[in-house]
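The values are calculated or read from the model by the stated rules, or taken from the named source; none is laboratory data. Remember, it's a predicted structure, so these values are computed and weren't measured experimentally. Virtual Cβ from ideal backbone geometry, glycine too; neighbours counted across all protein chains shown.
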Amino acid sequence: MTLVGRQIGRYRILEQLGSGGMSVVYKGLDTALDREVAVKVLHPHLAGKDESRKRLAREARAVARLHHPNILEVFDFSAADAQNAYIVTEYIRGHTLRQYLDEGGLEPPEIAAMIIHELAAALAHAHESGVIHRDLKPENVMVREDGVLKLMDFGIAKLLETEERMTVTGTLVGSPAHMAPEIIEGLEAGPEADVFSLGIMLYAFVTGRLPFTAPNTTATLKRILDGTYEDPRRRVSSLSDELAEIIATCLARDRHHRYPHAGRLRDALADYLTGLGFPRVGEELASFFADPPSYKKAARQRLVAALLERGERFLAEKRTPRALAHLNQVLALDAQNPRALAMLEGFNRARRRQLWVKRGLQAGAVLALCAALGTGGYLLWRQPPSPPVSVPPAKEAPPPPAEASSLELPTRAPLPLPDVPPTVPPPLEPTEGPATTQKKAPVRPPEVSVPPEGKTEAHRPAKVHVSILVRPYGAIQVDDTPPSPQPLAQHDLQLTPGPHTVTVRCEWCEDAVDTIQVAPDAENVFRLRAQLKGSRLSFDYQPAEAQVRVGEEQRTARDTLEHPFDIQSPRGPASFQHRVEYEVSHPGYRTEKRAVMVEPGKPIILRGSLVAE
């Protein structure tokens, strides 16, 4: 029976938005605050069961503890003795992510990586609070009109630290095609299960199909347990090896081989995207959802430029496999790119020259060896005769042939030396050929080149390639060398093995100093974090005497206008912004707990009014 037109508590039900296995979602009006809300009402056949009511209340309490811009906010939920069991959340004007996917694909793959980054950031906050979603799929993600993603439906989330855990033993709760193997096996589901589901979504966004598909649910679950799926690069040639590796890590059959929680996945995607010139993911997605065709075209051009620059650098550094991988990715995005084609042609010409030079050297070596063997055999047979030796006539050796083949070397023992006193050199007889071939030079030790006195130079070890990844980005200065000209997310340079001091700085950063140890025979990749500047947070709230708490500090809203909170930015966040939680309270008013995204060096004034109880 529909509830449209009825009143539930202070909420007037306006229209039905959707229905699920546990509840019906309605659009409602909060008559006390005069604002639109979403009301999730438990099905009547479940509302009478204590287990179902507890599960709905648990969902409300779990999500109410989460304050993140990408998580649907919970406003209210029904009392235990209410006739209807319901939960009230913010109302989102927009569409589900599934609807966007049905309208068009996500190409290039980096757009899919951006979406998963935002969802991973939301889940990282949930995992830190002990909440597991366990039912991640595009249908449970809303895209607000301004392009902000909202993760919703924590209906089967489980609090990790709660002693009174409510599990559905022996049953599958969630969407089979997005389900982690451990959930199918009835094992305890941790943050790794959500990481697996995010990996499935990332694979599906990139390729347009799920990694584990079969005609029925049982066969689908079996494929997930088998852990085999098609390499996404076979279907999408523009997919980079780095992003394919991130997908593979998420979809590992053994949960201990995945990212341990969503925060690690978020950071991996942030490093990948910032390295390609996409450090502010939220702003990029807002532009994408505002005009997908135009954004795709522009993003493709930016990727091509970044990949070409990388490819040229890798070719110059003789890192051929990585250079070719980047050029192949460029041609997958732009098949007729003249710069990439010219680079490949130049590389092929160089390879052909190297091949011909190598073959010439091999042929020359063979000829030189043959000549050496021929000359050596000839000279050996043309040596002067030894002094007479008493030999029985019956065993007199036949005279040597007049000419010996260069390939037929004698195998007999060396001729006996004449019995001559050591102080008297044996007489030399004139023979054919150059004189230098008749007189053997004394054996000398190898000569060692010694520089003149006062000009001895210290040994200088060869420089090796070093990559310094800066989160979110920044200019770097290594030791006493001049700083880099531009603030980047990735710096590639040549350094000598050993310790080096690196200073990271940017327009919105304080100087951050780190020491790196460069190894001579290793892949030297260092991840450094910029120290973002702090910010100032003020509250223009009513009533003005309301107490505002930020961290361990507390003061009235009126006082914050004259003495704002000094917000220290964390070092090297995954994105340029970071989240700050605050609480506003006053006797007789409902306490407000929210979060705000703070930018480094930028003062913020929050305005609002508390609601009377």
Check: Which of the residues that make up segment 479-493 are under 19 Å from G275 (Cβ atoms), modelled with pLDDT of 85 or more and more than 22 Å from the chain's Cα centre (by Cα)?
Finding: S484
Margin query: Please count how many residues of segment 5-16 are part of a loop (DSSP other than H, G, I, E, B) and surrounded by fewer than 12 Cβ atoms within 10 Å (Cβ to Cβ).
Written below: 1
Item checked: Elements of type strands (runs of 3 or more DSSP E) in segment 506-567, at least 1 residues being in the same structural domain as V470 (by TED's automatic domain parsing), on the phi < 0 side of the Ramachandran plot and of a type in the set (A, V, I, L, M, F, W, C) -> 512-518, 524-529
Next item on the list: Go through segment 17-31 and give me each residue that's assigned to a strand (DSSP E or B) and either in the same structural domain as F154 (by TED's automatic domain parsing) or in contact (Cβ under 8 Å) with a residue 12 or more places away in the chain (or both).
Entry: L17, S23, V24, V25, Y26, K27, G28, L29, D30
Notebook entry, point to check: Inside segment 300-350, can you point out the residues that are over 19 Å from the mean Cα position of the chain (by Cα), small (G, A, S) and under 13 Å from L276 (Cα atoms)?
Noted result: A305
Next item on the list: Tell me which of these V37 doesn't satisfy, since it passes every other one: (1) within 21 Å of E613 (Cβ to Cβ); (2) in a strand (DSSP E or B); (3) over 38 Å from the mean Cα position of the chain (by Cα).
Entry: (3)
Item checked: Given (1) β-branched (V, I, T); (2) modelled with pLDDT of 90 or more; (3) not in a helix (DSSP H, G or I), index of the condition I200 fails -> (3)
